[in-house]
Each structure stands twice: as structure tokens, then as C-alpha cells.
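Novice: Here it is: the structure, laid out below.
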Amino acid sequence: MRRHAAALATLLAVALSALGGVLAARATPSDGLVATPVGPALVSADGRRVSVTETGQCLGSGLLRARGRGPTVVLDLRTVPHTGPCVGGARLLVRQVDLAAPLGARTLVDAHEGTPVTVFQGADLLRPCTLPAGYRLAYVAPGYAPGYAPGGSDAQWSPAASTLFTDDERGSLWLVEEYGRHWPDGWPTDLPLVAADGRLARVGPNGIAWQRRAPDGGALSLALLSDAGLPTASLVAVADSLPVVPLPTPAGNRALTSPPCARRVQ
């Protein structure tokens, strides 16, 4: 904990600025839109675009706003509740807002909850140098991933950034990055192990999972999940191609790892 008066003054300024932004956001007429909590956010490489994700079976229209206020940027997500019957299964919807200036060292704050938002830096997310033949990048979405902590049995939802690679003929491959130590939901604890990414990875029913140390000293949990039954050897080849040199953590945000490398196909 910082002990200097200057640091305390800065923290107080951030708190007051965030509160002011939250009150301003809540004072804005909703026009039928309902204030909705913001989950983890993804910040674009240039720092000017922020994306958040909604999931559910019935998703209505909505609007994501951003208000800069001193050392904070307040995210105000408002949605129109869905009415009528639901058609189809679960959906994923990414909402975006462009900032007037790069986020930089400013902190993202949720207007609904008044709390800091977990940030994933798009430029710092892992990108494999090797992909199975035919797979290509589809999109990256922030959100929550189900799992459980070591030694625990109760499912948890932790902030995650999920990168989707698709093959039109064979299915999808997800690279999931989570803060903290978590294993994919529904996996047994007595799984076989395989060497991947210079570590030991668990081989689960639909992929492999392992853990790294993040640049800030915390744990980073990784998983490669396939709905197409990709063999373990293919998943290991993707894991082994991930960059290994971490970037320094940007001020005000928590980074993950190094930038994308050149694309190769296994």
C-alpha cells in the first residue's frame, strides 16, 4: 500500500471523479432503457474503442455510452428488456463505444455498480503462431467463463477474454484467457497431463488447460477448447506456438501477454 500523501490524494481524486461520473450517468434519462451492469471490457489496440459482451437467450436492443471524467472513464450500459417468447438458444452480443481519446492510464468504471471494470488489452492478448489447417480468426469477446479454483468443487465465473477461431467445415476453437487460477467447468480433477506451452496441461474432454504467470505476478489461466474433436497433438501445437515474452503492465490496466506473432499453419 502506498503511504505517501500524494498517492492518497490521487486515489481520492479517482474515487471522487468516478462517483461524479456515475451520478451523471444515472441522472441521464433512460428513454425506456434500463441500467445494466457492465462485465469485463476489451480495449482496442489504439485504446479508443471499448467492447463489452451480453449473453442470454433473449437480448433486446441497447446502448453503451462512455463519459470521460479526469482519471476515469464511466461506462454506461443501458438495455431494453426483451418481451415475448424467446427463439433459439443462448446468444452473445458485443456492444462497443468509441472514446474521444485513448484510454491510456485512465480507469474504466461501471456506471451501474460504481466499481472498476476488469480490462483486457486487445493488443496484449495471446495470438498463436500455429493454427490447424483451415482455421481463421473470427472475433474476440470479453466476458465471464465458468470454472472452478484448485481444491474447490463449486463452479465460479471469472473475467475472461475468449478468442474464437473457426473452420466452416469442422467447427470452432476457443482460446480462453482468465485472471486467477481456474479450470474449465465440468472437468474432473484427475485428468491426464501433457506438456504444452512449456508447462503441464490437463487434457480434458474437449480441450487442454494450463496456467501461466501474468506480468503483474498473478495467475493467468489458459484453455484451448474445441467443439470439433481436434486431437490433443493439434491443441498442443497451438499452445506451443503462443508467445512467451510478457509485456510490461500498462499503468492503470492489467495486461496479459505479448502481441501477435506471424501466422503459420500447422
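Values in this text are rule-based calculations from the coordinates and carry no lab data. What you see is a predicted model, and the numbers here were worked out from it, not measured in a lab. Note that each Cβ is placed from the backbone with ideal geometry, even for glycine, and that neighbours are counted across all protein chains shown.
Novice: Any chance you could run the full-extension gain for Val94 through Ser172? It's 0.36 nm times the residue separation minus the Cα-Cα distance, nm to one decimal. Walk me through the intermediate numbers first.
Specialist: Values: separation 78, 0.36 × 78 = 28.08 nm, distance 1.83 nm.
So the chain would gain 26.3 nm between Val94 and Ser172.
Novice: Report the extension gain between Thr83 and Asp190 in nm, rounded to one decimal, defined as 0.36 nm multiplied by the number of residues separating them, less their alpha carbon distance.
Specialist: Working: separation 107, 0.36 × 107 = 38.52 nm, distance 4.44 nm.
Extra length from Thr83 to Asp190 when fully extended: 34.1 nm.
Novice: Once the piece of chain linking Asp46 and Ser61 is laid out straight, how much longer is it, given 0.36 nm per residue of separation minus the C-alpha distance between them? Intermediate values should be presented prior to the final figure.
Specialist: Details: separation 15, 0.36 × 15 = 5.40 nm, distance 2.71 nm.
Net length gain for the segment: 2.7 nm.
Novice: Net charge around Val73, counting only other residues with Cβ within less than 13 Å of its Cβ (Lys, Arg = +1; Asp, Glu = -1)?
Specialist: +3
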